[in-house]
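Participant: First the structure, which I've put down as structure tokens, then a few questions once you've had a look.
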Amino acid sequence: METEPHCEEQIVPVTAPMEAEVRAAIAETADADCPDEMPRGSVEASDKVENCEEDSDGFKAKESPDAKQETEETECKEEKKLRKTNSWKMVRFQDPSTDDDVLERDSSAEILFPEYAVEEWTSTPFEQLFVADDWENITEDHLLRKKVLKSGDVQVSRPTWGQEVTIMMQGVLEDRTVVEKDCKLVFVIGEGDVNQALEECVLSMQMSEITLLLADSQYAYGLLGREPDIPAWAPILYQLQLLDIRDKPDPLALPIADRIRIGNQKRERGNFHFQREEYSSAAMAYCVALEVLTTRSTDGSNVGTKAEEQEVQEYRVKCLNNLATTQIKLEQFDEALHTSRDVLTLEPNNVKALFRAGKLLSDKGEYKEAMEVLKKALKLEPATKAIHAELSKLVKRQSDGKDTQQWKAKPAEILGDNINPFLIPSKKKPSGISWKFILGALVVALSSLVTSVILTARN
């Protein structure tokens with residue numbers, strides 16, 4: 001089953017009386033049937049990703065009884081398949097028809113490079129390997145190191161950023177527990193398909209080279225680790241071989257089925273990063289998925305069937321919804337609004353995108369358009385409490401005349417919130433007698449006194 005990231009926010013149900021305009025919007029949908037189950041537009045936050053078709057806002061699609069039964073059967077099949085999948089399995093980028101054979105190979109307890117079972121691989125403490133003289137540093141911080149076990153073909157250029165490579169690799173913790181193992185892992189360097197340690201190491205390798213790679217946790221899985229097998233702050237020792245180097249294929253030249261498969265793999269990788277709160281990496285993965293999920297050809301024509309176009313559009317909507325949520329997490333509000341509008345171009349009645357666009361417009365201060373969008377969402381999903389709450393908030397903002405500060409640059413605050421009294425002289429006239437009037441009276445009095453003395457002296 002596909003999994004999606006959670007709703008980007010928690011919204012409390014409406015408890016206060018509705019404003020007149022909100023009541024009017026609800027009245028338009030009074031005759032609509034309200035399902036007993038949680039509507040598709042629900043944005044109630046959850047604590048974990050459900051094994052159901054759910055997007056980044058937590059909206060869960062309603063299903064018919066037949067579709068629900070079919071979904072349950074699919075879930076059982078997927079559960080059985082997951083039981084056979086190894087815990088160290090990484091996201092694979094290959095023809096899924098070979099998955100069964102790969103699973104059989106990966107489930108073997110044998111190491112992939114038995115002829116290179118050196119002491120460093122089998123027993124040496126990682127602390128010694130990080131300071132060993134016969135290891136070379138890949139990075140300047142000495143936290144990513146390698147030791148070549150078999151030299152590669154120097155006649156072939158090393159891989160570069162953006163190329164697609166195939167490697168055979170296995171990774172162990174310090175107690176030599178195998179946590180990653182793959183006989184044929186395919187990924188594009190720089191697209192975040194694998195952890196940073198593997199990408200950095202591959203850039204330093206020659207074709208057919210076999211090497212040991214010691215990666216500190218910050219180049220592997222960091223603070224969060226990877227449940228259930230890699231703990232937090234765990235360094236990993238890899239043994240890998242570079243099998244192939246080639247240019248990344250043009251997505252527009254691939255069959256539609258391959259585009260859908262690769263696009264979904266990229267989207268799942270984005271979900272992986274989103275759940276780890278690695279939002280920049282998640283956004284990049286979703287953007288790469290959107291580049292692949294298209295039915296256009298290199299000459300601009302449409303090469304997909306009607307069914308393929310519909311399937312591609314459904315996956316594009318998922319990616320766009322997830323991308324918008326990620327952009328909100330990154331505080332890229334204008335971009336998130338643009339992405340939500342892209343969803344509405346494909347699906348004008350997508351409640352998730354309508355709700356998000358309405359909320360973003362309200363935060364931006366565009367109240368009229370926000371009201372129209374949210375009323376449309378409410379008409380489609382009249383039982384969704386989050387839409388009621390956002391409409392009430394919007395009406396209150398209109399009545400109070402308060403705009404949200406996150407969309408406007410805040411003024412400099414000097415000596416308090418209001419700096420005008422300290423920058424502009426007051427225009428108010430002081431009360432009482434003017435000092436100019438008093439000075440003039442003194443001058444006149446003094447002149448009269450002097451004149452009187454002079455006249456007296458002459459007499």
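The values are calculated or read from the model by the stated rules, or taken from the named source; none is laboratory data. It should be emphasised that the depicted structure is a prediction, and the values quoted were computed from it without experimental measurement. Cβ atoms come from the backbone with ideal geometry, glycine included; neighbour counts cover every protein chain shown. We work out accessible area using only protein heavy atoms, side chains counted, and drop any ligands, DNA or RNA first. Shrake-Rupley method; radii C 1.70, N 1.55, O 1.52, S 1.80 Å.
Participant: I'd like the accessible area for Met207: 1.4 Å probe, protein heavy atoms, all chains in place, Å² to the nearest 10.
Facilitator: The accessible area comes out at roughly 30 Å².
Participant: Take the residue pairs Lys364/Lys396; Lys266/Lys318; Lys266/Lys359 and return only those whose Cα atoms are more than 19 Å apart.
Facilitator: Lys266/Lys359
Participant: Given a cut-off of under 8 Å on Cα pairs at least six residues apart, what relative contact order in percent is computed for segment 115-248?
Facilitator: 30
Participant: Which value, in Å² rounded to 10, gives the accessible area of Phe274 with a 1.4 Å probe and all protein chains present?
Facilitator: Its accessible surface works out to 10 Å², give or take rounding.
Participant: If you don't mind, another one. Between Leu203 and Ala445, what length in nm is gained on full extension when 0.36 nm per residue of separation is reduced by their alpha carbon distance?
Facilitator: Full extension from Leu203 to Ala445 adds 77.4 nm.
Participant: Can you report the principal axis dimensions of segment 204-253 using only the alpha carbons, biggest first, rounded to whole angstrom?
Facilitator: Over segment 204-253, Cα extents along the principal axes are 40, 30, 17 Å.
Participant: Now for a different question. Mind ranking Arg269, Arg158 by accessible surface for me, highest first, 1.4 Å probe?
Facilitator: Correct descending sequence by accessible area is Arg158, Arg269.
Participant: Provide the per-residue ³J(HN,Hα) series for segment 273-285, in order, calculated from phi with Karplus coefficients 6.51, -1.76, 1.60 and θ = phi - 60°, each as a whole number of Hz, with x at glycine and proline positions.
Facilitator: Listing the rounded values in order: 5, 4, 5, 8, 6, 9, 5, 5, 5, 5, 4, 4, 5 Hz.
Participant: In nanometres, what is the gap between the two model label sites at Phe333 and Glu119, each 7 Å from Cα along Cα-to-Cβ?
Facilitator: Using points 7 Å along Cα→Cβ, the separation is 6.2 nm.
Participant: Go through segment 131-189 and name the GluC sites (Glu not before Pro) that are in a DSSP coil and have 12 or fewer other Cβ atoms within 10 Å of their Cβ.
Facilitator: Those satisfying the criteria are Glu140.
Participant: Would you please state the base-10 log of I(q)/I(0) at q = 0.16, 0.26, 0.33 1/Å for segment 138-181, with intensities from the Debye formula using one equal scatterer on every alpha carbon?
Facilitator: Each listed q maps to, in turn, -0.74, -1.21, -1.09.
Participant: Right, something else. Working only with C-alpha atoms, what are the Rg and Dmax values of segment 208-365, expressed in angstrom?
Facilitator: 19.0, 59
Participant: Another question about this same structure. State log₁₀ I(q)/I(0) for segment 115-248 at q = 0.17 Å⁻¹ as given by the Debye formula over alpha-carbon point scatterers of equal weight, solvent excluded.
Facilitator: Those come out to -0.88, one per q.
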